[in-house]
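Inspection log for the structure reproduced underneath, given as structure tokens.
The values are calculated or read from the model by the stated rules, or taken from the named source; none is laboratory data. What you see is a predicted model, and the numbers here were worked out from it, not measured in a lab. Heads up, the Cβs are rebuilt from the backbone with ideal geometry, glycines too, and the neighbour counts pull from every protein chain shown. These accessible areas exclude ligands, DNA and RNA; they are computed on the full protein's heavy atoms, side chains included. Shrake-Rupley method; radii C 1.70, N 1.55, O 1.52, S 1.80 Å.
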Amino acid sequence: MLLTPGPTPVPEFVRKAMADTTIHHRTPEFEKIFEQTRELLFELYKMDEVVMLASSGSGAMEACVTNLTHKKALTINSGKFGERFGKICEAFEIDYTEIKNEWNTPASVESIVEAVKNDKDIDAIFIQLCESAGGLRHPVEQIASEVKKLNKDIMIIADGITAVGVEDIDTSNLDAVITGSQKALMLPPGLAIIGFSNDAVAKIEKKPKGFYFNLATEIKKQKTNTTAWTAATTLIIGLKEILTHIKETTGFDKLFEDTNKRAEATKEALKAIGFEIYPKVPAKAMTAVYTEQSNEIREILKTKYNVNIAGGQDHLKGKIFRINHMGLVEDYEAAWVVNAIELALDELKVRTFDGTANKVFLSKMFKA
């Protein structure tokens, strides 16, 4: 049972769709699929423009940094992926300022507003909606709202790789929102998607940059239902399939609601058996808990209960574990995981098993 926060399991009906006959990307047949997929992405994103890139999410992060920073970037580092925005700036010798927090601490609106007030060169802010290194949710929408009051021309770029498809994001003040195929969209890795505001598109077109990641070229092509370079045909076919399935069965709003309920129920179940939730503001995409026995618990889960969850990175290696809530996770799967964790605690002689985790999970998940 794969419950790591990406890659997530790919549903069988999606795998079957992607296993069909290969379609050339410069044909009317594929252009129709591309058009239908774009329409579904507009419904999901609720933004003015959307592009698909044959890359991982990091490629989309690079594209946004290079195309939307014309003077100076402000990056928010509360984990591995916030750190990555700064590393991209360094790689391209783009001037930037970094606000750094512990991995369980969200960015404060005040610190970002103060940074913008004190540095008139900042024209782009890069931040995670969900920083998956610690399962943290940043107050991105509030930050964007306050920054836009100061200067509407500052671009707000949000890494939504573990947020798009998980929750209903308010994109009204966001200029770019990034995601990747292997997270809540339940596809294999290799496809990145970016939603844009009209202001972001205008800025990109004003000063095009790059070659493969030249977003001006890509936006122009994708408006005509094709790509500048070779399209990730199989992944786009899969994306159309999964988005159509969600729209026609649960609907996006119901998916967001169910994911939120599952996240809350899991968090309460783990707290009930003695765990400390790691981030100060938890994201809905995953539950991250602090424990010095993370490695031992994960090993028991994998070898004895057929459950694969994620651990921590860098200074959090062996200190936290993370349980995925993204995608079409079944309620019984989430219940099995918290039950297995309680059984692991019993095996480690931390706590005698009495079924508390499962009881709390089920009561929170299905309470009328």
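For region 141-153, putting each phi into the Karplus relation 6.51 cos²θ - 1.76 cosθ + 1.60 with θ = phi - 60° gives couplings of 5, 5, 4, 4, 4, 5, 5, 5, 5, 7, 7, 5, 7 Hz, in residue order, rounded to whole numbers and with x for Gly and Pro.
Taking GluC sites (Glu not before Pro) across region 85-181, the ones in a DSSP loop with at most 14 further Cβ atoms lying within 10 angstrom of their Cβ are 93, 102. With 19 Å as the limit on Cα-Cα distance, the pairs of 100/284; 72/209; 32/240; 46/254; 120/220; 46/247 that go past it are 100/284; 120/220. Bridgeable aspartates and glutamates around residue 71 (alpha carbons under 15 Å apart, same-chain partners fewer than 8 residues away excluded): 90, 93, 95, 98, 119, 121, 123, 153.
Against the main long axis of the alpha-carbon atoms of the chain, helix 109-118 sits at an angle near 30°.
Seen against the Cα atoms of the chain and their longest principal axis, helix 233-248 is set at about 60 degrees.
Excluding ligands, DNA and RNA, the accessible surface per residue across region 21-77 is 37 Å² with a 1.4 Å probe.
Check each of the chymotrypsin sites (Phe, Trp or Tyr not before Pro) in region 144-219 and keep only those in coil by DSSP with at most 14 other C-beta atoms within 10 angstrom; list them in order. Sites meeting the loop and neighbour criteria: 211, 212. Percent of accessible area on region 181-339 owned by carbon and sulfur, 1.4 Å probe? The C+S portion of the solvent-accessible surface of region 181-339 is 49 percent.
If only the Cβ of Lys and Arg carry +1 and only the Cβ of Asp and Glu carry -1, the dipole of region 275-368 around its Cα centre is close to 240 debye. Annotation: Cα Rg of region 299-368 relative to the compact-globule expectation 2.2 N^0.38 Å equals 1.18. In loop segments of region 287-323 as defined by DSSP, the GluC sites (Glu not before Pro) with at most 13 further C-beta atoms inside 10 Å of their C-beta are 292. Values of log10 I(q)/I(0) for region 1-53 across q = 0.13, 0.14, 0.15, 0.18 Å⁻¹ run -0.49, -0.57, -0.64, -0.87, by the Debye formula with one identical scatterer at each alpha carbon and no solvent. Counting charges near residue 308 (Lys, Arg +1; Asp, Glu -1) among other residues having Cβ under 9 Å from its Cβ returns a value of +2. Within the same chain, aspartates and glutamates fewer than 8 places from residue 271 are excluded, and of the rest, those with a Cα less than 12 Å from its Cα are 342. Net length available on complete extension from residue 271 to residue 16 is 87.9 nm, with 0.36 nm assigned per residue and the Cα-Cα distance removed.
Charged side chains reduced to their Cβ positions (Lys and Arg at +1, Asp and Glu at -1) give the chain a dipole of some 200 debye around its Cα centre. In the context of the full set of protein chains, residues of region 183-295 present 42 Å² of accessible surface per residue (probe radius 1.4 Å, heavy atoms only).
Compared with the dominant Cα axis of the chain, that is its longest principal axis, helix 28-45 is turned about 70°.
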